[in-house]
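Quick notes on the structure that follows.
Values in this text are rule-based calculations from the coordinates and carry no lab data. Since we're looking at a predicted model, the values are computed, not measured. Here the Cβ is made from the backbone with ideal geometry for all residues, glycine too, and neighbour counts use every protein chain on show.
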Amino acid sequence: MIVAPNLTAPAPAPDTRPVAPTGPLPRRTAGRVLGASLVATGLMAGFFYAYAISVMLGLAKTDDRTFVLSMQRINEAVQNAAFLPVFFGAFVLPAVAAVLHRRLGLRDATRWIVAAAALYSVALAVTFGINIPLNDQLDRAGDPDLITNLAAVRNDFEGPWVVWNVVRTLLSTAALGCLGRALVLHGGSTRRS
């Protein structure tokens, strides 16, 4: 008995390479994360801006004791459950949005999101490198009623803190603008797809 050779080709191996997600759900998720990034960054830019154009201007007109005590109390109050998620969310959310947009192949939007993340990262570096150490120095000065030279304590704090707050205001506002541009590009790509 003669057996005919098997001439059928073997089945190709399944493709296991990751596939970029497409469709309405991944785009919607990326858009929502980008929107949340925009809100968090906008809140932080507004927070820094409010200090620059009102809080510090108002405190500049007070006596040394009132200034030192007020800033000590503000520094205590700001570490709360409403502030910290936004403060760190403005850092984390753009990074997630950048990854999602990159996976969708939305290069232009990704570039703007990465720029926003970089700008806000510098604002955080200013905060952790300058503003928070100044806050800590002011807190270590102790009870304003027991400080012998309130004017010196105030002078060491106020000038540098105000200048660097303006820097982080500008950085976070620029980050907000970048995220706004990314959102426009995201919306345009959604309409085309």
Theoretical gain in end-to-end length, Ser70 to Val55 [0.36 nm per residue, Cα-Cα removed]: 4.4 nm
Does the range 24-192 classify as rounded, prolate or oblate by the C-alpha gyration tensor (a ≥ b ≥ c root eigenvalues; a/c under 1.5 gives rounded; else a/b over b/c gives prolate, otherwise oblate)? prolate
With Rg and the Kirkwood Rh both taken from Cα atoms, where does Rg over Rh land for the range 133-193? 1.41
Give the calculated FRET efficiency between Asp139 and Val92 to the nearest 0.05, with a Förster radius of 25 Å applied to their Cβ-Cβ distance. 0.40
Just order 141-153, 42-54 by mean Cβ neighbour count inside 10 Å, highest at the front, would you? 42-54, 141-153
Arranged from highest to lowest average of other beta-carbon atoms within 10 Å per residue, in what order do the peptides 91-104, 118-131 appear? 91-104, 118-131
Tell me, what are the semi-axes, in whole angstrom and largest first, of the equivalent ellipsoid of the range 76-167 as set by the roots of 5 times the Cα gyration tensor eigenvalues? 38, 14, 7
